[in-house]
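Okay, so here's the structure we're looking at.
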Amino acid sequence: MKQTDPFIAYLDQRREIHRKGLSELDTAERLYRESGIKPHFPLASVEEGPAKPKNSGEKPTSIKLMILGLINEEMPHGLTSPQLLERIHRHFMHDYPRKNLAPKLTGYKRDGLISPGHGVWKITEEGKAFLAKS
């Protein structure tokens, strides 16, 4: 039985990951072209990479500040819950549980810090004031 070089096996695994990614991009392009819908949000250039929060150098001191800060950065457009969770995972806490997000958003809504509208969460004036003093 022939043993595979560990580095070659690693490279093969990386190639497979990239093949899957390219396949997903091909599918996304096909669906986009078929839909005829144009994006309503700014797209990052390939050189820039994925969009980063404006405060990506600073780590928020609480979950509340993290969530409010992310929503505030996307004003006036706001964020959907899945978009918000994706940004939390990408920039701050890759293991933040999805089940924890809805209760937080509901509480912040009850406190008047955010408001839902047209499928997105937006920060209120009270929420902006809370961020400013924190």
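Every number here is computed from the coordinates shown, using simple stated rules; none is lab data. All figures in this text were calculated on a predicted structure; none of them were measured in a lab. Glycine also receives a Cβ, built like all others from the backbone with ideal geometry; neighbour counts cover every protein chain displayed.
Quick notes
- Under 5 Å, built H, 5+ apart or other chain: amide partners of I114: K109, T124
- Using a cut-off of 24 Å between Cα atoms, the listed pairs K20/K64; K38/K64; K104/K133; K38/K128; K20/K99; K104/K128 include K20/K64; K38/K64; K38/K128; K20/K99 as exceeding that distance.
- Straight-distance crosslink candidates among aspartates and glutamates, where the alpha carbon sits under 15 Å from K109 and sequence neighbours closer than 8 are dropped: E125, E126
- The calculated FRET efficiency for H18 paired with S81, based on their beta-carbon distance and R0 = 41 Å, is about 0.85.
- Applied to the range 118-134, the Karplus parametrisation 6.51 cos²θ - 1.76 cosθ + 1.60 on θ = phi - 60° returns per-residue 3J(HN,Hα) values of 6, x, 10, 9, 10, 7, 8, 4, 4, x, 5, 5, 4, 5, 4, 8, 8 Hz, with x for Gly and Pro.
- Sorting R87, R14 by the number of Cβ atoms found within 10 Å of their own Cβ, with the fewest placed first, yields R14, R87.
- Computed over the alpha-carbon pairs of the range 59-134, the distance histogram in 5 Å steps reads 3, 17, 32, 28, 16, 4 percent, short to long.
- Spherically averaged projected area of the convex hull of Cα atoms, the range 67-109: 2.8 nm².
- Counting 0.36 nm for each residue step from R30 to A129 and taking away their Cα separation leaves a gain of 31.3 nm.
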